[in-house]
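Please read the structure below before turning to the comments.
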Number of protein chains: 2
Amino acid sequence: MKITIKEIAKEAGVSIATVSMILNNKDKNITHATRVRVLDAVKKYNYVPNAMAGSLVTQKTHIVGLILPDITNPFFPGIARGAEDKANESGYSIIFCNTDDKLEVEEKYIETLTKKMADGIIIAHSSGSEKMSEILERCKVPIILIDRDFYSEKVCGKVLVNNLEGAYKGVSYLINKGYTKIAFLSGSLKTRTARDRLDGYKKALSDNGLEYDEKLVKYGEYKIEWGKDGVNELLSETRQFDSIFCGNDLIAIGAIKELKKNGYSIPGDVGVMGFDDIYLAGLVEPSLTTVRQPNYKMGYQAMELLLETLNDPDKKNNNFKEMEIITLDTEIIERNSI
Amino acid sequence: MKITIKEIAKEAGVSIATVSMILNNKDKNITHATRVRVLDAVKKYNYVPNAMAGSLVTQKTHIVGLILPDITNPFFPGIARGAEDKANESGYSIIFCNTDDKLEVEEKYIETLTKKMADGIIIAHSSGSEKMSEILERCKVPIILIDRDFYSEKVCGKVLVNNLEGAYKGVSYLINKGYTKIAFLSGSLKTRTARDRLDGYKKALSDNGLEYDEKLVKYGEYKIEWGKDGVNELLSETRQFDSIFCGNDLIAIGAIKELKKNGYSIPGDVGVMGFDDIYLAGLVEPSLTTVRQPNYKMGYQAMELLLETLNDPDKKNNNFKEMEIITLDTEIIERNSI
DNA sequence: ATAATTTAGTTAAACGTTTAAGTAGGTATT
DNA sequence: AATACCTACTTAAACGTTTAACTAAATTAT
């Protein structure tokens, strides 16, 4: 037989209200004897309260959604882990979702999470389309944006990385090391991160008196394959370069592979710099000098921000006037590709 | 105002039962006109049913727990993704949990999942201790074991990898390539996987007329550091070896790094073989020949098995007499470290 | 001694669904 | 013409909690 609060109440000879109060630490006015009787009954029957039933009345599930493009992409496990750790510390659980950066999947997940009454959502969304705006607007629970920025009144917080400054630092580092012909294998300009990093790249060049040469900048996907293809594009053109700043580590790894294949030594002939500092970065040959994003911290802080919002009574009524934006700084990790 | 099924019923001029039936496709006996009225009301108010409330009566949340040691370990994201994909296809959501292989954390998560009324649980558990047995026994929902075996009556299914055969295949491959002095950097014998792989290693040797030399076998952790340390142990002893079979890819990567550091060329001087085929394996230098575990498939099939159990009326009453065990085969991935 | 307050509970409504059982009118069957 | 069976719904109970409002007894204050 399934045992509920009723059985416990009967066993202990009290009302279910008393049991509920004791189990929720609202038991100032309960005698020690009663408490012991109830707790004994709980143990005897190995009773575990049904949180869903409680949620129905409290309107809180202590479940939050975490929507990411793909946990299989080495960039995301750190974020997931950070978010999960914080959630767990605070008694929350995470429902996690992979979207493959597809808008319709994001939409579906947000609806599912709404149905299942998630208390809030953290999302690394795909795009800044009009549709995205609508979807966010329609969502009834607090939303935190992570990693990818997007303007929306509805959003109640953001945890971002200072991509412009990261790229600026990275390229400045290259310049300090004496490189002057710095190519850039960027991700797609459709992404905000790529645009910001491009701006950082340009700014670093101009602040250091170097000229921006659009022939040295190529756009592709944040993947190893693009690193290879990008290098080939660069090599097939006449333009000289002594180093490559890459949109992320995967591109950098692909670039290194292809450069080596073509007989170039790294960093001897060409310096290569990555972005992200994924787990791989320290293990490839040569190990990758890169701009680290504080992955774990990003996840952790996003969850922290969400939980603050959930527990702040002022914000209860979707009254998110003062959206909080946390911008985390990057850090240069010096290894052997420069 | 929060809108519920009542508002929809009122708007459409029907009872809430009718709305519920229409929304759950139990609407054989509903006229087209009524259906349209209801659906219009749903759209007008942008109504999303509260799944928790439904769960209370159906006793199904369509939520399952996925308990893994650490999503940050490159071995696990594939499993998580496979499980999530299958769950998503079938209208289920995953709550995911990282245990760092700590028994007390596993216990806590299982309780949380029970409270939140997960319909079932998939777990890659830490150990085969007595305590684990108790914990599983106490858990009221179907449990699937993944990756790590453990005997328990309570468990209703397992998805495992044939580690013995995997190691056998791997070592046989080495032998076929002409290696005869094959060292083994194993994981800890506390883990079942390590014991199985050791058995496979021994069997491959004896089946091929090679002698088992315990001096060539070293035990450590499934980590890069152990790969380095293990190589140093091997080198510091007089015993000769022409190749190393490694307990997993991380060990292999560490081993390769350390061998190169000591001036050995791979695979020229020493062949190195891994186990797992994590994402990294194809990217290190030289790329790693390894025994692939079908990660994604493991997660996918574990979820498949769980959902079958959940939807099989015979198994409803915890009547899991015929536990299903799926053993997946490994596959040699030929790269350049052999 | 009486009133006011505190203590230690209980009662009952509420949360938002699903679903078994009921019903009224219409159609088909004998 | 009476009976059975559909059709298209409605009614009301149930799921397992939480919590506001109530109460009876004990204690304290006046």
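In nanometers and ordered shortest first, the copy-to-copy spacing of the A:Ser133 label point, defined 7 Å from Cα toward Cβ, is 6.3.
Inside 10 Å of the C-beta atoms of A:46-56, what's the mean count of C-beta atoms belonging to other chains?
Values: counts 3, 0, 10, 2, 7, 8, 12, 5, 3, 7, 5.
Across the residues of A:46-56, the mean count of other-chain Cβ atoms within 10 Å is 6.
With one equal scatterer per alpha carbon and no solvent term, the Debye-computed log10 I(q)/I(0) for the protein assembly as shown at 0.09 1/Å reads -0.88. The same position A:Val36 in the other copies lies at 7.0 nm from this copy, comparing label points 7 Å beyond Cα toward the beta-carbon, shortest first.
Accessible surface buried at the B:A interface totals approximately 4700 Å², computed with a 1.4 Å probe on protein heavy atoms. Computed on chain B, with alpha-carbon pairs under 8 angstrom and 6+ residues apart, the relative contact order is 18 percent.
Pairs from the table (A:Lys44/B:Lys108; A:Lys257/B:Lys203; A:Lys158/B:Lys10; A:Lys131/A:Lys181; A:Lys108/A:Lys190) lying more than 30 angstrom apart at Cα are A:Lys257/B:Lys203; A:Lys158/B:Lys10; A:Lys131/A:Lys181.
Could you rank the peptides A:163-170, B:206-213 by their average count of other C-beta atoms within 10 Å per residue, with the highest value first? Walk me through the numbers on the way to the answer.
Details: A:163-170: 23.1, B:206-213: 12.2.
Averaged packing, sorted descending, gives the order A:163-170, B:206-213.
Packing-based ranking of B:184-193, B:294-303, B:131-140 yields B:294-303, B:184-193, B:131-140, ordered from highest to lowest mean Cβ neighbour count within 10 Å. Suppose we keep just the DSSP beta bridges with both residues in the protein assembly as shown; what percent of those would be antiparallel, to 5? Given both bridge residues lie in the protein assembly as shown, the antiparallel proportion sits at roughly 10 percent.
The alpha carbon radius of gyration of the range B:209-267, expressed as a multiple of 2.2 N^0.38 Å, is 1.06. Using a probe radius of 1.4 angstrom, the carbon and sulfur fraction of the accessible surface of the range B:163-292 is 46%.
Averaged over peptide A:75-81, how many Cβ atoms belonging to another chain are found within 10 Å of each residue's Cβ? Could you put the intermediate results ahead of the total?
Numbers: counts 0, 2, 9, 2, 2, 6, 6.
Counting other chains' Cβ atoms within 10 Å and averaging over A:75-81 gives 4.
Probe of 1.4 angstrom, ligands and nucleic acids ignored: what's the accessible area per residue over the protein assembly as shown, in square angstrom?
It amounts to 44 Å² per residue over the protein assembly as shown.
Nearest 0.05, what FRET efficiency do B:Ser206 and A:Ile3 give at R0 = 56 Å with Cβ-Cβ as r? E between B:Ser206 and A:Ile3, to the nearest 0.05, is 0.55.
Given the rule -39500 (n - 2.57) for each run of at least 4 DSSP H residues, summed and divided by the residues of chain A, what is its mean residue ellipticity at 222 nm, to the nearest 500 deg cm²/dmol? Each step should come with its number before you reach the end.
Values: 12 runs with 147 residues, N = 338.
That comes out to -13500 deg cm²/dmol.
Of all aspartates and glutamates in the structure, those lying under 13 Å Cα to Cα from A:Lys177, and not within fewer than 8 positions of it along the same chain, are A:Asp242, A:Glu334. Among chain A residues, the one whose Cβ is nearest the axis of the rotation from A to B, given with its distance rounded to whole Å, is A:Glu285, 2. Heavy-atom accessible area, probed at 1.4 angstrom with all protein chains present, ranks B:Thr238, B:Thr72 as B:Thr238, B:Thr72, highest first.
The A:Glu104 and A:Asp213 beta-carbon pair, evaluated with R₀ = 51 Å, returns a calculated FRET efficiency of approximately 0.85. DSSP bridge analysis restricted to chain B gives an antiparallel fraction near 10%, rounded to the nearest 5. Leaving out ligands, DNA and RNA, what percent of the accessible area of the range B:1-51 is carbon and sulfur, probe 1.4 Å? Carbon with sulfur: 56 percent of the solvent-accessible area. Judged by the mean number of other Cβ atoms found within 10 Å, the most tightly packed of the peptides B:112-118, A:22-28, A:226-232 leads the ranking A:226-232, B:112-118, A:22-28.
Over the Cα atoms of the range A:1-104, the radius of gyration divided by the Kirkwood radius equals 1.17; this is the Rg/Rh ratio.
Taking only C-alpha pairs under 8 Å that are 6+ residues apart, what is the relative contact order of the range B:189-338 in percent? Rounded, it is 19 percent for the range B:189-338.
Rolling a 1.4 Å probe over the protein chains gives A:Ile251 an accessible area of about 0 Å². Residue-wise HN-Hα couplings along the range B:83-93, as the Karplus relation 6.51 cos²θ - 1.76 cosθ + 1.60 with θ = phi - 60° gives them from phi, are 5, 5, 4, 5, 4, 4, 4, 9, x, 9, 10 Hz; Gly and Pro carry x. Calculated on the Cα set of chain A, radius of gyration then Dmax: 25.7, 88 Å.
Distances between copies of A:Lys261, taken at a point 7 Å out from Cα along the Cα→Cβ vector and listed shortest first: 3.0 nm.
List the relative contact order of the range A:18-163 as a percent without decimals, with contacts defined as Cα pairs under 8 Å and 6+ residues apart.
Details: 172 pairs, mean separation 28.2, N = 146.
19 percent.
Over all residues in A:91-104, what is the mean tally of Cβ atoms on other chains that come within 10 Å of each residue's Cβ? Can you show the working numbers first?
On the way: counts 1, 1, 11, 5, 6, 8, 5, 7, 0, 2, 0, 0, 0, 0.
Whole-number average of other-chain Cβ neighbours for A:91-104 is 3.
Using R₀ = 60 Å, calculate the FRET efficiency as 1/(1 + (r/R₀)^6) where r is the Cβ-Cβ separation of A:Asp269 and B:Asp70; round to 0.05. Intermediate values should be presented prior to the final figure.
Numbers: r = 38 Å, r/R0 = 0.64.
Approximately 0.95, to the nearest 0.05.
Can you quote the Å³ per residue value for the convex hull of the Cα atoms in the range A:163-292, rounded to an integer?
It comes to 88 Å³ per residue, whole-number rounded.
The values are calculated or read from the model by the stated rules, or taken from the named source; none is laboratory data. Computed from a prediction, not measured in an experiment: that's the story for all the values here. A quick note on method: Cβ atoms are made from the backbone with ideal geometry, for glycine too, and the neighbour counts reach across all protein chains shown. Remember, those area values only see protein heavy atoms, side chains included, never the ligands or the DNA or RNA. Shrake-Rupley method; radii C 1.70, N 1.55, O 1.52, S 1.80 Å.
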